[in-house]
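Down below is the structure, laid out as structure tokens.
Just so you know, all these numbers are worked out from the coordinates, no wet-lab data involved. On a predicted model such as this, the values are computed, not experimentally measured, just so you know. Cβ sites come from the backbone with ideal geometry, for glycine too, and all protein chains shown count toward neighbours.
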Amino acid sequence: MFDLKRQGELREAIESLYFGYRAFTMRADRILDRHGLGRVHHRVLYFVGRHPDISVHALLALLKVSKQALNAPLRRLLAMNLVGSEADPSDRRVKLLRLTQTGARLEAQLTGTQMDHLARVFARTGPAAEGAWKAVMAGLANDDEMAG
């Protein structure tokens, strides 16, 4: 349980996270909307781009989502020819995912807006703030108490 005396500060942090994430995703959301896509599609494009030939099973584990949660967005990206799928040569039952050229261009555009945004903010706030922000984000992502 948190210290009740810190409630105001913690609420301020929650609001900063919410408004920061909204600003961080705004430009990419507009691009996605023009393609009839959403943030989940961007997440898939991003991680398939970062891990070419990732298996569907490995992508599920990385994103920590169910098959049902991934099924429709992945089907859509495959149908739009943004992601390609091939059988693993060593086990034909395993599907390997890779961005198509079109998918790679869209992913680069989407993620590029976010990298530009982070680069501007990090340049203004400096290396110490960047390091502290990364530590906080890693702490949030790896908080075992909240995973349960």
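Annotation: peptides 47-59, 86-98, 130-142, ranked by per-residue average of other Cβ atoms within 10 Å with the highest first, follow the order 47-59, 86-98, 130-142.
Available extension along the chain between Ala135 and Ile14 is 41.9 nm, counting 0.36 nm per residue and deducting the alpha carbon span. Projecting label points 7 angstrom from Cα along Cα→Cβ for Arg22 and Ala128 puts them 3.0 nm apart. Counting lysine pairs in the chain whose alpha carbons fall under 28 angstrom apart, excluding pairs fewer than 8 residues apart on the same chain, gives 4. Under a 5 Å amide H cut-off, with hydrogens placed 1.01 Å from N, Thr100 pairs with Val83, Gly84 among residues at least 5 apart or on other chains.
Net charge of the neighbourhood of Glu15, taken over other residues with C-beta under 15 Å away and scored Lys/Arg +1, Asp/Glu -1, is +1. For Ser55, the residues 5 or more places off, or on other chains, whose built amide H falls under 5 Å of its own are Leu97. Considering only Leu99, Met137, Gly49, the residue lying farthest towards the positive end of the dipole of the chain is Leu99, judged by Cα position with unit charges set on Cβ.
Span-like helix check, the chain: qualifying full DSSP H segments, with Cα axial length of 30 Å or more and mean Kyte-Doolittle of -1.0 or more, are 7-34, 101-125.
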